[in-house]
Structures are given as structure tokens and as C-alpha cells.
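Data block below; observations after.
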Amino acid sequence: MRNAIRTEHFIRFNYRIQVFRLPQQCKAILADCSPSAYTAAMTLKNAAFLALVGMILATILLVAGFIRDVFAIAQGLITAMTLLTSFIRAFAGLSMVVFLYAFHKTQ
């Protein structure tokens with residue numbers, strides 16, 4: 001086992017603490033050092049893109065709810081306060097999409 005993880009045990013406050021020491025070649029790429037576990041490589045750019053796609057889908061639902069509330073207030077079915085909260089949620093969703101888009105582009 002070339003890439004074995006060495007452990008050291010310490011006892012503090014009557015609890016056993018296990019500290020993992022990685023070999024030097026494993027510090028750069030952690031996924032290559034574990035022969036029994038598979039870890040997919042996800043970069044920060046991929047994670048930002050995944051968050052952007054999820055937030056776009058959530059924002060579509062929020063904007064659709066806002067449009068539904070606009071039609072409902074035109075018919076006199078709901079109060080203006082409901083429209084205000086729906087607008088705030090849709091605006092927050094759009095703000096997050098813009099932020100995640102800018103974050104994805106800078107990565």
C-alpha cells in the first residue's frame with residue numbers, strides 16, 4: 001500500500017482524537033490517494049455552474065408566481081401585500097442569478 005494514510009492517536013480530556021497524516025504526494029490531489037473510495041473531481045467553476053442552473057430554475061418558479069399574483073391582484077383576489085412579498089422573492093431570485101452568473105464568469 002504505497003499511499004497509506006498514517007494515523008496518530010492523542011488522548012485529550014478523556015476522548016481519543018485521531019489525526020490523519022497524508023503522504024507528501026497526496027497533498028496536491030486527495031482523490032488519487034484513496035484506493036477504496038471514488039471522489040469525483042468538481043472544480044469551483046463546475047460548482048458555480050451547477051448553482052447557477054439550480055438558481056435559474058428556482059427563479060423561473062418565483063417569477064411565474066409573481067406573474068400569477070399580478071393577475072390575481074388585477075382580478076381583486078389577493079391583497080397588495082401578497083404582491084409585495086412575491087415581488088421581493090422574485091427580485092431576490094433574480095439577484096442571486098446575476099451574482100452566480102458573475103461568479104461563474106470570473107472562475
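The residues of the stretch 46-67 that are farther than 30 Å from Q107 by Cα and without any contact (Cβ under 8 Å) to a residue 12 or more places away in the chain, listed by number, are A64, I67. The residue pairs whose first member lies in the stretch 79-93 and is under 19 Å from A58 (Cβ atoms) and surrounded by 12 or more Cβ atoms within 10 Å (Cβ to Cβ), whose second member is small (G, A, S) and at pLDDT 95 or above, and whose beta carbons are closer than 7 Å, counting only pairs six or more residues apart or on different chains, are S86/G65; G93/A58.
In this entry, I29 is excluded by the filter for residues that are at pLDDT 55 or above and under 24 Å from Q107 (Cβ atoms).
Yes/no matrix, rows are residues, columns are (1) closer than 30 Å to M96 by Cβ; (2) assigned to a loop (DSSP other than H, G, I, E, B); (3) modelled with pLDDT under 60:
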| position | (1), (2), (3) |
| --- | --- |
| E8 | no, no, yes |
| F20 | no, no, yes |
| S36 | no, yes, yes |
| A47 | yes, no, no |
| G54 | yes, no, no |
| T59 | yes, no, no |
| V70 | yes, no, no |
| I78 | yes, yes, no |
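The values are calculated or read from the model by the stated rules, or taken from the named source; none is laboratory data. Since the model is a prediction, treat every value here as computed from it, not as a measurement. For neighbour counting, all protein chains shown are included, and Cβ atoms are generated from backbone atoms with ideal geometry for every residue, glycine included.
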